[in-house]
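This report refers to the structure that appears directly beneath it.
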Amino acid sequence: QVQLVESGGGLVQAGGSLRLSCAASGRTVNSDAIGWFRQAPGKEREFVAAISWSGGSTYYADSVKGRFTISRDNAKNTVYLQMNSLKPEDTAVYYCAAGGSIVRVTNRPDYWGQGTQVTVSS
């Protein structure tokens, strides 16, 4: 079992930055790939970014490429999502998820966190 807890959400003006954290615990979590997803009101949950267990591979949705950066610190069992140049359309609940591989976590994660709200005002 893996437990995931997101933090760092909040209210920010357009053009601003936020850093989300995903603290993981449980079984050998450092062997899991971790992904970030988001869900805006009235919309389906969508993939944002993912990182392999080693941190050597990353993958981003086109909508955030160049603005968001995913990273991980396995010593702290934490994955980060640095979000820069935020836009109102980035407003959503952001979830982190874990899976056995970057392909797995991107398409069908095994574990989910509870989510953290990000609101970007115009």
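Being over 18 Å from VAL118 (Cα atoms), open to solvent by 20 Å² or more (accessible area, probe 1.4 Å) and within 14 Å of the chain's Cα centre (by Cα) narrows it down to one of GLY8, GLY55, GLY66, GLY26, so name that one. Quick ask: steps written out before the conclusion?
Working: GLY8 fails: over 18 Å from VAL118 (Cα atoms); GLY66 fails: within 14 Å of the chain's Cα centre (by Cα); GLY26 fails: within 14 Å of the chain's Cα centre (by Cα).
Answer to the selection: GLY55.
The rows are residues; the columns are (1) of a type in the set (Phe, Trp, Tyr); (2) closer than 23 Å to GLN1 by Cα; (3) in contact with a Phe, Trp or Tyr (Cβ under 8 Å, 6 or more places away or on another chain).
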{"site": "GLU46", "(1), (2), (3)": "no, no, yes"}
{"site": "ALA49", "(1), (2), (3)": "no, yes, yes"}
{"site": "TRP53", "(1), (2), (3)": "yes, yes, no"}
{"site": "SER57", "(1), (2), (3)": "no, no, no"}
{"site": "VAL64", "(1), (2), (3)": "no, no, no"}
{"site": "ALA75", "(1), (2), (3)": "no, yes, no"}
{"site": "GLU89", "(1), (2), (3)": "no, no, no"}
{"site": "THR106", "(1), (2), (3)": "no, yes, yes"}
{"site": "VAL118", "(1), (2), (3)": "no, no, yes"}
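Hey, among TRP53, TRP112, which residue is aromatic (Phe, Trp, Tyr) and touching a Leu at 6+ places or on another chain (Cβ under 9 Å)? If you could, list the steps in order and put the result at the bottom.
On the way: TRP53 fails: touching a Leu at 6+ places or on another chain (Cβ under 9 Å).
One residue alone meets the criteria, TRP112.
Does any residue in region 84-103 that is closer than 14 Å to THR58 by Cα come within less than 8 Å, Cβ to Cβ, of a residue that is assigned to a loop (DSSP other than H, G, I, E, B) and of a type in the set (Gly, Ala, Ser) six or more places away or on a different chain, and which pairs are these?
SER101/SER52; ILE102/SER52; ILE102/SER57
Any residue in region 111-122 that is more than 19 Å from GLU46 (Cβ to Cβ), among the hydroxyl-bearing types (Ser, Thr, Tyr), open to solvent by 60 Å² or more (accessible area, probe 1.4 Å) and touching a residue at least 40 places away in the same chain (Cβ under 8 Å)?
Quick first cut of region 111-122, residues more than 19 Å from GLU46 (Cβ to Cβ) only: 121-122.
Next, from what is left, pick out any that are among the hydroxyl-bearing types (Ser, Thr, Tyr): 121-122.
Keeping just the survivors that are open to solvent by 60 Å² or more (accessible area, probe 1.4 Å) gives 122.
Filter once more, keeping what is touching a residue at least 40 places away in the same chain (Cβ under 8 Å): 122.
Yes, there is a match, as at least one residue in region 111-122 is more than 19 Å from GLU46 (Cβ to Cβ), among the hydroxyl-bearing types (Ser, Thr, Tyr), open to solvent by 60 Å² or more (accessible area, probe 1.4 Å) and touching a residue at least 40 places away in the same chain (Cβ under 8 Å).
The values are calculated or read from the model by the stated rules, or taken from the named source; none is laboratory data. As the structure is a prediction and not an experimental result, all values here were calculated from the model. Cβ: placed from backbone, ideal geometry, glycine included. Neighbour counts: every protein chain shown. These area figures cover heavy atoms from the full protein model, side chains too; ligands, DNA and RNA do not enter into them. Shrake-Rupley method; radii C 1.70, N 1.55, O 1.52, S 1.80 Å.
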